Amino acid sequence: MKNRTGLIIAVVGVLSVMISLPYYSGAYFLSVTMTILLNMTLAVSWDMMLRTGQLSFGIAGFFGIGSYVSIVAVSNFGVNNVVSIFLAAAFVAVIALALAFAILKLRGIYFAITTLALTMVFSVTIRNMPTLTGGSGGKVLYNTIFNGDTTKIYWLILTMALFTILLSIVFEKTRVHYAISSIRNDEVVAKSSGINVFKYLTVLFVITAMIQGVAGAIYTQQYGFAYPETAFSLDFLMLPMAMALVGGIYSTWGSVIGSVVLGLVAEYLRLVMPHGSKIIYGIIVILIILFLPKGIYGTLESKLRTTRNGARK
Amino acid sequence: MNAKPFHLNRTLLILIILLVVIAIWKPVALIYGFQRGGLYALIALPLALILGIIGILNLGHGDFLTLAMYIGYLLFENLKIDPLLSMVPLFFIFLALGMGIYMITIKYVLKSGELNQLILTFGISMVIIQMAELIWTTRPRNLYVSYASSSVSFLDFSVGTYEFLYPALAIGVLIALRLFLKKTKLGQAATAVGQNPRGAEIVGIDTNRVYFTVFSISIGILGIAAGVMLPRTSIFPLTGSPYTLKSFALVAMAGLGDLNGILIGGITLGIAEAVIQSIPGYGGWSDLVFFGVLLAVILTRAYRRSES
Amino acid sequence: MPILETKHLTKRFGGLVAVDDVNLKIEEREILGIIGPNGAGKTTLVSLISGLIYPTQGEIAFNGKNVEKLPEFERSRMGLARTFQLVRPLQQFTGLENIMVGALFAAGESLKKARESANEVCDLLEFERRNLHIDKLTVLDLKKIEIGRALASRPKILFLDEVMAGLNSDETWQMISLIKKLRNSGITIVIIEHIMGVIKELTDRVVVLDSGKVIAEGVYTEVSKDPKVISAYLGEEE
Ligand SMILES: Nc1ncnc2c1ncn2[C@@H]1O[C@H](COP(=O)(O)OP(=O)(O)OP(=O)(O)O)[C@@H](O)[C@H]1O
Ligand SMILES: [Mg+2]
């Protein structure tokens, strides 16, 4: 009971700080926070799919598609900026669903490399439809969302991040957790225990793709442009992956902690070495896999568990 | 697996018919595709070795190629080493690099599951790309040697002669690899490990040594590929990246362990790509050929598996 | 009407016929034993019925309905449950959570209800260390998880693939009395076992498989005298 009250107070506290942030933080800190929240969203969504046991490299691809749908809808068809984000979500969902029937039959390296290829396929497609997308030249947005009001954009990004975290927690606390963890642990047992493996994989794949598409749409609306190189940049894959790994995979809090920690580190690195900072993410990923495969949160959690078990004996 | 010989024959037959059609329709595309296809096969062979024997998909494959090309470029610029000659030092440099990478990373994820292996090699790939960008920037480098731009002309078109080196080298490397796998003790051990790692360990094969050798030789071969590519390729941090996927597509198409299939598949896809490239207005889509084939192949395979 | 019936059930793996034209009728509430030498096709037969693999030929009727084309998860929701010869615990979970999975999905229960059911199953199995993680459990515990997961799915028919293997004689007796309890609760049980004492003690009827074919059928005491059966087993020892 006491625990619960504490939790509620903490959540309300953090939420009010986050919501009111634009009123007392400087523009710089606000922009760093927005970047962190964007990457946090991607990290959590990547991890949500990973919990089914399938490693998806498709983040950058869905991110890019979301970017382009949103910018094309606004500048070619005069759609409202906010509506274009929902449109991006719907469009990505349809694509992901269609792809699901093909690639969710694949497992392991086959799944991973196909999702990696998707990014390439999407960007080639975008490049080759110049009348619609501006081709390699990209596209610039003239009427930005909320007339460029940073506070509102911040709230939009915050909403997206909170929604993703909430969804991830819901999936962790409900039967979804048992279904996808079983699939990851042993698909044969999952099926023989009555789990509709394909259904769960599809749901997770489509939902996480949608989140990534929305993130792309919001990013594009925030900055007002989309080029194939930036919209499909592997940075939107590498950094979120590194964040989830640093924090600890297979958990919401791991990704959240990882994105805050690595987000701040990344910002610092960007300041001290403007060009070479990205190399660090790759090195971090390698080091985590070699030395701390459970990440910060996962390691702490299992330490806690063993000490608690020890105390019980 | 049992239906293989028949399967291959039928594929070959269709292939030959297609080739004849293309030869009449677009002879330049045929020759050009044959050359590029040879290159694809040359680069895919080492990926196939690592995947088939160690069981790891090296997502940094193409990026090692990039790195080798940069080093070859440096050898040319600073020491005036001819690119074709530089294949020799590049092979040894990358053999050593392969050893190093194996000892400090790959070795530790052999038993830790596909997921960690993929993330690790993806991390390696990113590090190489970013490092190249940091040191050499994104500005493309080109290297000129006169012999690489010679060409012959038939009838009313001309094709580069230098590029015939690609399929020639691919065949050379293929023969060398097959000899290594068949005739040497270590090669036989590698074949055994590829087929049944646990069994091989039981009969006393030192799997770690096999993996070490196979990994370093494979990375070394990329040094050779880089050398031959140097005079005709623009070098930038992402030069090699597309080859990872293309190589994997070839390996998936040929089936694990079928090295000859990689050569045939490489040439087929090379030609398919060249044909699409030669269609005005649609050339940009040729990048999707490999992906299309990859998807088609692994899906039919996944489908067949679920049927049985 | 038999609860489960197979007609001309056949499975080929390349050239090998692992299950060869098997016609079985399993009556409600009986305990059927399936015996046969190693590699006879017993596990393959169970996998065909549970839906892990699909037959090359033949039909499977469960409660009069053909199920051979249905995916495995649907069959398990209809009340077909199996255990695996080599235990397959879900590594990430505790014993109790492993068992909950069956209740949650095959039986379609809510989280709360599934936890209760899983606890009941654990009580029935006398599985004490249910809240520990898999890596801290014994072989017997893992066998209990295997059976527990199947039981929690509230099966109408339960296939037990060599659940006694690896148990000592005390544990075997414990398991035998448990299976009797289960039968009395109304579940039809098919047991596959190499230990003939267990088969003799438990089964109403046995089916003998050899090289994928049914070579004998009947009560254990008679089947065990059948010269075909004896030679099938003797052949194995050579
Ligand atoms: N997936 C498979 N692919 C190929 N052959 C298989 C496969 N599964 C089983 N077999 C073969 O089918 C035959 C029957 O195997 P099965 O496991 O059903 O025998 P079993 O009666 O359960 O034996 P045991 O008493 O040893 O458990 C064996 O020869 C086995 O090697
Ligand atoms: Mg068996």
Filtered hits (aspartates and glutamates, Cα-Cα < 14 Å from B:LYS26, offset >= 8 within chain) -> B:ASP156, B:GLU273
Kirkwood Rh over alpha-carbon pairs of chain A plugged into Stokes-Einstein at 4 °C, 1.567 mPa s gives a D in µm²/s of 64
Nearest-0.05 FRET efficiency for C:GLU128 and A:PHE163 at R0 = 41 Å, using Cβ-Cβ distance, is 0.45
Ordered by number, the chymotrypsin sites (Phe, Trp or Tyr not before Pro) in segment A:118-156 that occupy a DSSP loop and have at most 16 other Cβ atoms within 10 Å are A:TYR142
For the protein assembly as shown, the dipole about the Cα centre with charges only on Cβ (Lys and Arg +1, Asp and Glu -1), to the nearest 20 debye, works out at 760
Partner aspartates and glutamates whose C-alpha sits under 15 Å from that of C:LYS228, ignoring same-chain residues fewer than 8 away, are C:ASP210, C:GLU217, C:GLU236, C:GLU237
Toy charge model, Lys and Arg Cβ at +1, Asp and Glu Cβ at -1: chain B dipole around Cα centroid in debye, rounded to 20, equals 640
Too long for a 22 Å Cα-Cα cut-off, among A:LYS173/A:LYS199; A:LYS294/C:LYS144; A:LYS105/C:LYS213; A:LYS105/C:LYS7; A:LYS191/B:LYS111, are A:LYS294/C:LYS144; A:LYS105/C:LYS213; A:LYS105/C:LYS7; A:LYS191/B:LYS111
Those chymotrypsin sites (Phe, Trp or Tyr not before Pro) from segment B:6-96 that are DSSP loop and have at most 14 other Cβ neighbours within 10 Å turn out to be none
Each residue of A:104-112 has, on average, a number of other protein chain C-beta atoms within 10 Å of its C-beta equal to 6
When all Cα-Cα pair distances of segment C:58-148 are considered, the percent exceeding 17 Å is 52
Expressed as a whole number, the average count of other chain Cβ atoms within 10 Å around the Cβ atoms of B:279-289 is 3
Highest mean packing first, using Cβ neighbours within 10 angstrom, the peptides C:85-93, B:212-220, A:31-39 sort as B:212-220, A:31-39, C:85-93
Per-residue average of other protein chain Cβ atoms inside 10 Å, peptide B:111-121 -> 6
Expressed in angstrom and rounded, the centroid-to-centroid distance over alpha carbons for segment A:75-131 and segment C:139-195 is 49
Heads up, the protein assembly as shown by the C-alpha gyration tensor (a ≥ b ≥ c square roots of eigenvalues; a/c under 1.5 rounded, else a/b over b/c prolate, else oblate) looks oblate
Expected sort for B:13-19, B:106-112 on mean C-beta neighbours within 10 Å, highest first, is B:106-112, B:13-19
Gyration tensor on Cα atoms of chain B, a ≥ b ≥ c root eigenvalues, a/c under 1.5 rounded, else prolate if a/b beats b/c, else oblate, says oblate
Treating only Lys and Arg (+1) and Asp and Glu (-1) as charged, each at its beta carbon, one finds that segment A:29-232 has a dipole about its Cα centre, in Debye to the nearest 20, of 360
In segment A:29-232, taking the dipole from +1 charges on Lys and Arg beta carbons and -1 charges on Asp and Glu beta carbons about the Cα centre, the listed residue (A:ILE183, A:SER31, A:THR114) farthest towards the positive end is A:ILE183
One finds the C-alpha centres of segment A:17-48 and segment B:97-141 to be spaced, in Å, by 30
Contact order relative to length for chain A, counting C-alpha pairs under 8 Å separated by 6 or more residues, stands in percent at 30
By the Kirkwood definition, with r running over pairs of different Cα atoms, segment A:1-82 has a hydrodynamic radius in Å of 16.2
Quick note, segment C:5-92: a/c under 1.5 would make it rounded; otherwise a/b > b/c is prolate and the rest oblate (a ≥ b ≥ c, C-alpha gyration tensor); here it is rounded
So, relative contact order of chain C in percent, Cα under 8 Å, 6 or more apart, is 26
Each label sits 7 Å from Cα toward the beta-carbon; between B:VAL88 and A:ALA93 the label points are separated, in nm, by 6.4
One finds the C-alpha centres of segment B:18-46 and segment B:251-291 to be spaced, in Å, by 8
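Computed from the coordinates by the stated procedures, all read-outs in this text should not be read as laboratory data. The structure presented is a predicted model; accordingly, all values stated were derived computationally and were not measured. Note that each Cβ is placed from the backbone with ideal geometry, even for glycine, and that neighbours are counted across all protein chains shown.
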